[in-house]
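The values are calculated or read from the model by the stated rules, or taken from the named source; none is laboratory data. Quantities reported herein were computed from a predicted structural model and do not represent experimental measurements. Using ideal geometry, Cβ is built from the backbone for each residue, glycine included, and neighbour counts are taken over all protein chains shown.
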Ligand SMILES: NC(=O)c1ccc[n+]([C@@H]2O[C@H](COP(=O)([O-])OP(=O)(O)OC[C@H]3O[C@@H](n4cnc5c(N)ncnc54)[C@H](O)[C@@H]3O)[C@@H](O)[C@H]2O)c1
């Protein structure tokens with residue numbers, strides 16, 4: 001279980017002894033999150049559709065952080081059997097499961113009248129159903145140890161976004177899901193929270209043309225795009241053993257974008 005050490009009079013979380021599963025850990029926010037937990041002593045399982053890249057994240061974590069234990073596994077979060085199987089392998093290898101970061105997500109942008117039902121379903125399958133399935137599989141184990149931290153991924157586009165009917169619906173769904181699971185699983189010592197990022201510099205946003213990015217930045221009070229590590233630190237905050245009284249919350253991390 002996570003310990004706590006004092007640095008300059010302030011409590012700083014460590015995750016020594018905690019087993020942390022990060023979905024979508026091959027790159028972007030998931031990769032930054034996996035690296036951050038590894039730096040603080042967690043045993044980290046990196047899950048991704050891209051097995052080779054997930055393994056690379058785990059290898060990088062072990063190379064950068066001496067003594068770190070990490071593994072990379074193939075897992076499609078939308079596939080119930082694959083998700084359960086991956087979590088079983090993690091518990092078997094690492095002896096527990098304390099934190100699930102439900103980070104995997106996709107976009108298939110199209111205006112609603114042109115949006116194919118397959119692209120609608122695909123985004124819901126990964127972003128919403130995948131989040132539910134992984135949370136359910138993790139909580140089934142966490143319940144037995146009466147401790148767990150589940151952190152889901154919404155988005156500020158849950159409010160609605162031109163060209164993202166599927167994505168916005170999935171990310172709005174994650175908010176209702178998060179709150180409901182928080183209510184149901186509090187009795188098992190499991191907290192369930194979500195982060196709602198604004199614009200983050202990752203592969204997901206790399207394809208956006210520079211003029212569009214520049215225009216977007218003019219609407220962000222902080223005046224820039226977020227780095228993946230700025231979302232990863234929110235994952236660590238919710239995952240902290242001392243965050244036990246925080247559940248069902250959605251923390252918007254958008255540089256003030258939704259304030260204006
Ligand atoms: N980048 C942003 O600006 C932004 C903003 C708000 C929310 N988000 C959310 O943050 C999360 C991470 O975003 P990112 O920008 O790092 O994305 P990314 O595209 O850089 O990385 C996503 C990772 O998820 C993996 N993945 C996709 N489908 C999967 C599946 N079915 N099973 C397992 N892994 C799968 C991909 O292989 C990839 O490694 C997503 O849920 C995204 O919706 C991102």
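Quick check, is residue 234 within 21 Å of residue 20 (Cα to Cα), in contact with a strand residue (DSSP E or B) (Cβ under 8 Å, 6 or more places away or on another chain) and crowded, with 19+ Cβ neighbours inside 10 Å? Walk me through how you get there before you give the answer.
Values: within 21 Å of residue 20 (Cα to Cα): yes; in contact with a strand residue (DSSP E or B) (Cβ under 8 Å, 6 or more places away or on another chain): yes; crowded, with 19+ Cβ neighbours inside 10 Å: yes.
When the stated conditions are applied, residue 234 passes them.
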Handout entry: Residue within segment 182-204 that is at pLDDT below 95 and either within 16 Å of the ligand (Cβ to nearest atom) or on the phi < 0 side of the Ramachandran plot (or both) present
Key = yes
Residue pairs within 6 Å by beta carbon, gap of at least six or interchain, first lying in segment 232-257 and closer than 22 Å to residue 146 by Cβ, second modelled with pLDDT under 95, listed first then second, are 240/13; 241/2
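Identify, please: which residue in segment 132-165 is part of a helix (DSSP H, G or I) and near the ligand (Cβ under 10 Å from one of its atoms) and is, among those, surrounded by the most Cβ atoms within 10 Å (Cβ to Cβ)? Break it down into steps so the answer makes sense when it comes.
Kept after step one, since they are part of a helix (DSSP H, G or I), are these residues of segment 132-165: 132-145, 156-159, 165.
In the following step, the residues that additionally are near the ligand (Cβ under 10 Å from one of its atoms) were identified as 134, 156-158.
Numbers: 134: 28, 156: 17, 157: 20, 158: 22.
The extreme case among them is 134.
Do you know which of the residues in segment 205-215 that are farther than 26 Å from residue 25 by Cβ and part of a helix (DSSP H, G or I) is nearest to the ligand (Cβ to nearest atom)?
Per the stated criteria, the residue is 212.
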Filter segment 1-16 for residues that are within 20 Å of residue 139 (Cβ to Cβ) and either assigned to a helix (DSSP H, G or I) or modelled with pLDDT under 95 (or both); the one that is farthest from the ligand (Cβ to nearest atom) is 1
Within segment 180-223, residues being touching a residue at least 24 places away in the same chain (Cβ under 8 Å), surrounded by fewer than 17 Cβ atoms within 10 Å (Cβ to Cβ) and out of contact with any helix residue (DSSP H, G or I) (no Cβ under 8 Å at 6 or more places or on another chain) number 3
In segment 133-167, anything closer than 15 Å to residue 103 by Cβ and in contact with a strand residue (DSSP E or B) (Cβ under 9 Å, 6 or more places away or on another chain) is listed as 134, 135, 138, 149, 150, 151, 152, 153, 154, 155
The strands (runs of 3 or more DSSP E) lying entirely within segment 22-129 that contain at least 3 residues which are touching a strand residue (DSSP E or B) at 6+ places or on another chain (Cβ under 6 Å) and within 13 Å of the ligand (Cβ to nearest atom) are 43-48
